[in-house]
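The values are calculated or read from the model by the stated rules, or taken from the named source; none is laboratory data. A quick note: this is a predicted structure, and the numbers were derived from the prediction, not measured. Note that we place each Cβ from the backbone using ideal geometry, even for glycine, and neighbour counts take in every protein chain shown. All accessible areas refer to the heavy atoms of the entire protein, side chains included, with ligands and DNA or RNA removed. Shrake-Rupley method; radii C 1.70, N 1.55, O 1.52, S 1.80 Å.
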Amino acid sequence: MNNNDTSAISTYPDVNAVYEKLNALVSQPLRPIQREKMQQYLDYFETKCTRSKQLTDEAKAIIPGGVQHNLAFNYPFPIAIEKAQAAYMWDADGNRYIDFLQAGGPTILGSNYAPVRDKVFELLKECGPVTGLFHEYELKLAQLIQQHMPSIEMFRMLGTGTEGVMAAIRAARTFTKKRYVIKVGGAYHGWSDAMLYGLHVPGTGRLEAKGIPRGASAATQEFFPNSLTALRRHLVWNRLRGGTAAVILEPVGPESGTRPVPYDFNQQVRELCDEFGALLIFDEVVTGFRLGLGGAQGYFNVMPDLTVFGKCITGGYPMAGGVGGRADVVSGFAAGIGGTGERAYIGGTLSANPLSCVAGYHAIKEMERTNAAVLAGRAGDRLARGLQEIVDRLDLPFVVYNQGSIVHLETSGVMLLDLRHPLRTLKELKPREHMIEEMGAAYMANGLITLAGSRMYTSLADTDEVIDEALDRFETVLK
Ligand SMILES: Cc1ncc(COP(=O)(O)O)c(C=O)c1O
């Protein structure tokens, strides 16, 4: 375990204790919000969010489901946001919220951070967002990432985390000439054909693979979170059937550490990959820069062969993704229409556009200057400590822990369900899911935006005053 004052994670959670509490939470009946209180919270939306309701009702007629963002808040209806600044967001009706969604993680400096925005404006005045040709900022961004992450010998910018994952897998297969890719059950690595496998609930395989031909995920496998034995079993089995090209994982555990990994897990997976000649891919879409400028790989001191980047790489500006790593693997991506017959084909008209690259370069520079990841981590510590104190005082079975600026508050334990107990999972999935929807709505009615009612990303903008105000609001709901 690591205790470090200069790191974005000051104390790594005691993972055994976290699982003990999570298991206790899922083995007892739900503790939802009292019905009359919940009705008051729902009334908030009906009376105070009328413009949001009108807009999102209208959207349903033209946008499937009415929402397009993965992380949009949908219960009781989506909220339209009009303004975002630092630690706050304001909705279309002018209501103010403390923002712990932070766009799903990328805005470690806080929303709409002025020094980066100014640099983006400057660039837009000169050349606009896109030219289709090379811009110096592509080079500057790649060099900056390399400077902070020694595993990144070469880097290729793309448009999204999903694309980064697709490219990494393609590079791994091209380089190793092997077949299988192994992921952790339940993990989200974007929505490519190959990765919509074992989504959210471990053991569910192709359950969510609607519209995807069987062959597209025929060489994808999942192993139960944290089970090195299950991973080894796949690696051994694959050896006789085309081999394992790569193991892909989020270094803090799936879904930003919703099922946290023991501290030495990544090192052990590294050793297994070396033993079986598979590449290790770290999906640092959330952790790259949120857990420090060296990413989770710097924190755990484990070198992956390939790293996938996403939204954090531009500090939240659009077209954010990429893959980097060993030169002998990544150099297999040739640019443009030339290249060798051996290259793995990837592309993207708007990839590495000047707007994304200038935003990324200056966001990382600002994170360097302000020590943002460490300060956001301290805000996460303060929030988690305060929530734990409330949960203890109110004698609630809820589970609180944080990995720096990623804070988890599990109230229903839905994320702990899996197919090892199929009957319980089938019976409890919906009610446990509904409970966190209600919790999310209750937090929102009290001026707090969370990710799916159970996760909070803190940022540089979260001063002690912001966190203390948030804790008062959480206490109102938890009471
Ligand atoms: C760990 C992880 N990998 C991949 C992705 C996909 O990234 P994008 O939404 O940019 O396609 C996400 C998005 O939330 C993610 O959290």
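Some notes on this structure:
- Taking a ≥ b ≥ c as the square roots of the eigenvalues of the alpha carbon gyration tensor, the stretch 114-369 is prolate, as a/c is not under 1.5 and a/b beats b/c.
- When each of the peptides 424-430, 278-284, 125-131, 93-99 is scored by the mean number of other C-beta atoms lying within 10 Å of its residues, the order from highest to lowest reads 278-284, 93-99, 424-430, 125-131.
- Entry note, the chain: the mean residue ellipticity at 222 nm calculated from DSSP H runs of n ≥ 4, each adding -39500 (n - 2.57), is -13000 deg cm²/dmol after division by the residues and rounding to the nearest 500.
- Modelled label positions at residue 143 and residue 421, each set 7 Å beyond Cα in the direction of Cβ, lie 5.5 nm from each other.
- Dipole magnitude (debye, nearest 20) for the stretch 114-369, charges at Cβ of Lys, Arg, Asp, Glu: 720
- A cut-off under 13 angstrom between Cβ atoms defines the neighbours of residue 167, and their net charge, with Lys, Arg +1 and Asp, Glu -1, is +2.
- Whole-Å distance, taken between Cα centres, linking the stretch 119-143 and the stretch 441-478: 36
- Dipole axis of the chain (+1 Lys, Arg; -1 Asp, Glu on Cβ), positive-most option in 278, 187, 113: 278
- Accessible area of the chain belonging to carbon and sulfur atoms, whole % at 1.4 Å probe: 54
- Per residue accessible area in Å² of the stretch 114-369, where ligands, DNA and RNA are left out and the probe is 1.4 Å: 40
- Only protein heavy atoms count here; on that basis, with a 1.4 Å probe, residue 346 has an accessible area of about 20 Å².
- For chymotrypsin sites (Phe, Trp or Tyr not before Pro), the sites in the stretch 103-152 that DSSP calls loop and that have at most 11 other Cβ atoms within 10 Å are 134.
- The protection proxy used here, the mean number of other Cβ atoms lying within 10 Å of each residue, ranks peptides 262-273, 239-250, 34-45 as follows, highest first: 239-250, 262-273, 34-45.
- If the segment from residue 117 to residue 75 were pulled out straight at 0.36 nm per residue, it would be longer than the present Cα-Cα gap by 11.9 nm.
- Cross-link reach list, aspartates and glutamates versus residue 479, counting only Cα pairs under 18 Å and skipping chain neighbours closer than eight places: 36, 389, 392, 395, 410, 437, 438, 468, 469
- The chain, relative contact order in percent, only Cα pairs under 8 angstrom and at least six apart counted: 23
- For the pair residue 191 and residue 174 in one chain, pulling the backbone fully straight at 0.36 nm per residue adds 4.0 nm over the alpha carbon distance.
- Antiparallel bridge percentage (DSSP; both residues within the stretch 114-369; nearest 5): 40
- Each residue, residue 127 and residue 370, gets one label point 7 Å from its Cα in the Cβ direction; the gap between the two is 2.6 nm.
- Within the straight-line cut-off of under 13 Å between alpha carbons, the aspartates and glutamates reachable from residue 53 are 43, 91, 93, sequence neighbours fewer than 8 places apart in one chain being disregarded.
- Bridge type composition, the chain - antiparallel percent by DSSP, nearest 5: 60
- Beyond 25 Å in Cα-Cα separation lie the following of the pairs 37/83; 60/183; 210/427: 37/83; 60/183.
- The listed residues 311, 210, 21, once ranked by accessible area (1.4 Å probe) with the largest placed first, stand as 210, 21, 311.
- Note on residue 58 and residue 90: the model spin-label points, each 7 Å out from Cα along the C-beta direction, lie 2.0 nm apart.
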